[in-house]
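The next block holds one structure in the form of structure tokens; read it before the comments.
The values are calculated or read from the model by the stated rules, or taken from the named source; none is laboratory data. Because the structure is predicted, anything quoted here is derived from the model rather than measured. Reconstructed Cβ throughout: ideal geometry from the backbone, glycine too, with neighbour counts over all protein chains shown. Keep in mind that these areas ignore ligands, DNA and RNA; they rest on the heavy atoms of the full protein, side chains included. Shrake-Rupley method; radii C 1.70, N 1.55, O 1.52, S 1.80 Å.
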Amino acid sequence: MENVQNDTIEKKLLHSTLWLNTEAVGLGIGLVCGLIVFVATNWLVIKGGPTVGPHLQLLSQFFIGYSVTFLGSLIGFMYGFALGAMTGGLIAWIYNKIAALRE
């Protein structure tokens, strides 16, 4: 009897799939992406120099209003958060759809 129970438990474990919460994944990836832009921008602002962050300034081509300043870091955080949240939510949604097809 105990052996039969172990078999069913093992089968359940083998066939169970981790379902992702799209909101949680989106929030997590959004915060990480936003903080990366925020910290990178402020790092360059604090570091200073004759030309501050020419490569990071290229983000202004995609993020309207962004610049390598403290205010720009706040704008960059909002853009990074929004882009990361949408991307993370989309990845989790696609993963859940594929996991549903697997079952």
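Brief remarks on what is shown
- Residues of segment 38-70 classified as in a helix (DSSP H, G or I) and either surrounded by 12 or more Cβ atoms within 10 Å (Cβ to Cβ) or under 22 Å from the mean Cα position of the chain (by Cα) (or both), total: 15
- Within segment 39-50, residues that are of a type in the set (Ser, Thr, Tyr) reach partners that are not in a helix (DSSP H, G or I) with beta carbons closer than 8 Å, at six or more positions or on different chains, in the pairs Thr41/Gly53; Thr41/Val68; Thr41/Thr69.
- Residues that are under 30 Å from Leu18 (Cβ atoms), open to solvent by 60 Å² or more (accessible area, probe 1.4 Å), β-branched (Val, Ile, Thr) and free of Cβ contacts under 8 Å to residues at least 12 places away in the same chain occur in segment 81-99; there is at least one.
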